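Heads up, the thing below is written out as structure tokens.
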Amino acid sequence: MTDPAKGILAIVGTCVIWGLSPIYYKALSHVPPLEVLSHRALWSFLFFAVILLVQGRMRQMIELIATQTGLMLLAALMISANWFIFILSSQIDRSTEASIGYYIYPLLSVLIGRFVLGEALSALKWLAIVLVLSAVMVLALGLGTVPIVALSLAGTFAIYGLIKKGVSAGPLLTVAGEVTLVLPFAIAWLGLGYFSGGHTGSGGFGRDLSDSLMLVLAGPITSIPLLMFSYGARRVTMATTGIAFYINPTLQFLVAVLIFAEPFGTAHMIAFPMIWGGVIIYSVTALRQERAARKRVSSAATSGTIST
């Protein structure tokens, strides 16, 4: 199997795991979401710590936290908020709305790139953004409420991506550093709950074998897809990675409607085709831009060879 094929397989596998993960967190809906989040951070830290110790890179992670503390703290805050909202959405029957958040996240990132980083936007990308923003307005008007879950998920993840642009390290070190910074709060929350009995629900860690195992597995279920995604992203183009990412919200949407039987009314029927239209326009535009960039690089290399 070629490297690009391995990369595509890793990316698709990652997005399938992410897309089906609402089923996992739904099964833990009787456990308070902050407890689930705390276990997710705790066991992710232990998983990453083992990998870094085996690779002899633990010192690199500590140095990263020490030298880029501000950015790492902000990144940890954003990813923790994103994880919490996602867990909560699975538990309170808002997975349809959560899927919208991950559909619009790439376009929100493009918008942030335009106004924060000064990146240029083509007319077609503007059209994609307008379609998605219009879909959000349709949902707000049709449902009588702002889709806060979708906007919060998209916003926290887009800001997280922006922060990560300023962190000079690979994904393994940065994510490990982020969960390390979250770890004291996770341990404090879990300790407070277990010793006071104040906020742990029935079926928390240590009370039921099945729930305990699921909470422990929240670490690998978080960590392994991140490693797979990192592996795949290094072997395929950015456009391919971006398009494959939409497997995630598509599966989330199907799980929400077909398995969880969440409501899917007129507003959704109007908004989702608009979102899908925006996604298609954005993906095709990104693919064309990447192909054009590769052609320019190839032409420049050929010209250089000929002139030599």
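Just so it is clear, none of the values below were taken in a lab; they were calculated from the coordinates. Nothing here was measured: the structure is a model prediction, and the numbers come from that model. Counting neighbours? That spans all protein chains shown, and the Cβs are built from the backbone with ideal geometry, glycine included.
Descriptive notes on the structure:
- Potential lengthening between Met1 and Ile270 on full extension [0.36 nm per residue; Cα-Cα distance subtracted]: 92.7 nm
- Evaluated with a Cβ-only charge set (Lys, Arg +1; Asp, Glu -1), the chain carries a dipole of roughly 1020 debye about its Cα centre, given to the nearest 20.
- At least 27 Å along the helix axis (C-alpha) and Kyte average at least 0.5, DSSP helices within the chain: 3-26, 33-55, 69-91, 95-116, 123-143, 171-196, 209-233
- When volume of the Cα convex hull per residue in Å³ is computed from the coordinates, the matching label among (i) 130; (ii) 155; (iii) 171 is (iii).
- Placing pseudo-labels 7 Å out from each Cα toward the beta carbon at Leu287 and Ala188 gives an inter-label distance of 4.8 nm.
- Cα-based shape type of region 110-149, given that a ≥ b ≥ c are square roots of the gyration tensor eigenvalues and the cut on a/c is 1.5: oblate
- The chain: most fluctuating residue of Met269, Met137, Met238 per GNM, C-alpha cutoff 10 Å: Met269
- Region 1-130 shape via C-alpha gyration tensor axes, a/c threshold 1.5: rounded
- Here the spin labels are modelled as points 7 Å beyond Cα on the Cα-Cβ line, and at Ser298 and Val12 they lie 2.4 nm apart.
- Relative to its residue count, region 139-234 spans a Cα convex hull of 171 Å³ per residue.
- Cα principal axis extents for region 80-222, largest first, Å: 56, 43, 22
- Mean-position separation - Cα centroids, region 10-41 and region 81-143, in angstrom: 20 Å
- Over the chain: helical MRE at 222 nm, DSSP H runs n ≥ 4 each giving -39500 (n - 2.57), nearest 500: -28000 deg cm²/dmol
- Prolate/oblate/rounded call for region 54-144, Cα gyration tensor, a/c under 1.5 rounded: oblate
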